[in-house]
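Below you'll find the structure, written out as structure tokens, and then a few comments.
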Amino acid sequence: MIPQLTPTQQTALNRNQNISVTAGAGTGKTRILVERYVDILLHEDIDVKNILAITFTDKAAGEMVERITQRIDELLLEDKNKPLRKKLIQLRHSLNYAYISTIHSFCMRILKENPIEANLDPDFSVMSEKRINISKEETLDQEIDAINQEQSEWLDLFRLFSP
């Protein structure tokens, strides 16, 4: 076990269970995920391409890759065991193929790999922030127009039956 971890953090390192780590800022989420990720790569017969790590922001995904790289580098400096060093070096090089991304990037990858199954144009793209805002405004305008039309119809009906 890694020193200075809380019992809950140590439980999260158990490779025999799936986990979702949720906690406030500065509580060690990234540290636990990095340790677990590296531990899985070192002790399981699994390719880096078969592990998915999802974060909420691109910044967090980048930080995760950076910390995994740093952890592997630390282990390389600490361990003189030749077979383990060889594995660590291979892991270090394979990180370019790691699936560490935001949920949005992960979903985009799945949709890009399976556009027909998702009933999408294979050349689809994500709307720009500007286009999203325009679309929101257009939708809001349409809803306001629909409400105004409905109110007008109710007023006409009310006038029709008023004495």
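The values are calculated or read from the model by the stated rules, or taken from the named source; none is laboratory data. Note that this is a predicted model, so its numbers are computed, not measured. Heads up, the Cβs are rebuilt from the backbone with ideal geometry, glycines too, and the neighbour counts pull from every protein chain shown. To get the accessible areas, we keep the full protein, side chains included, count just its heavy atoms, and leave off ligands, DNA and RNA. Shrake-Rupley method; radii C 1.70, N 1.55, O 1.52, S 1.80 Å.
Please find, among L5, L75, L33, L91, the residue that is touching a residue at least 40 places away in the same chain (Cβ under 8 Å) and either surrounded by 10 or more Cβ atoms within 10 Å (Cβ to Cβ) or within 17 Å of the chain's Cα centre (by Cα) (or both).
Numbers: L5 fails: touching a residue at least 40 places away in the same chain (Cβ under 8 Å); L75 fails: touching a residue at least 40 places away in the same chain (Cβ under 8 Å); L33 fails: touching a residue at least 40 places away in the same chain (Cβ under 8 Å).
Of L5, L75, L33, L91, the one residue that is touching a residue at least 40 places away in the same chain (Cβ under 8 Å) and either surrounded by 10 or more Cβ atoms within 10 Å (Cβ to Cβ) or within 17 Å of the chain's Cα centre (by Cα) (or both) is L91.
Please report, ordered by residue number, the helices (runs of 4 or more DSSP H) entirely within region 56-123 with at least 1 residues that are hydroxyl-bearing (S, T, Y) and closer than 18 Å to R36 by Cα.
Values: elements: 58-78, 82-94, 103-113.
Here the list reads 58-78, 82-94.
Out of region 132-144, which residues are open to solvent by less than 100 Å² (accessible area, probe 1.4 Å) and not small (G, A, S)?
Of the residues in region 132-144, the ones open to solvent by less than 100 Å² (accessible area, probe 1.4 Å) are 132-135, 138-139, 141, 144.
Once the filter is applied, which keeps residues that are open to solvent by less than 100 Å² (accessible area, probe 1.4 Å) and not small (G, A, S), region 132-144 yields I132, N133, I134, E138, T139, D141, I144.
Would you point out the residue of region 8-26, among those that are closer than 17 Å to V38 by Cα and polar (S, T, N, Q), that is least open to solvent (accessible area, probe 1.4 Å)? Working first, answer last.
Going through region 8-26, the residues closer than 17 Å to V38 by Cα turn out to be 9-21.
Going one step further and asking which of them are polar (S, T, N, Q), we end up with 9-11, 14, 16-18, 20.
Values: Q9: 32, Q10: 56, T11: 81, N14: 62, N16: 142, Q17: 68, N18: 155, S20: 99 Å².
If we take residues in region 8-26 being closer than 17 Å to V38 by Cα and polar (S, T, N, Q), then Q9 is least open to solvent (accessible area, probe 1.4 Å).
Pick from region 40-56 the residues that are over 12 Å from I100 (Cβ atoms) and open to solvent by 40 Å² or more (accessible area, probe 1.4 Å): which of them is modelled with the lowest pLDDT?
The extreme case among them is F56.
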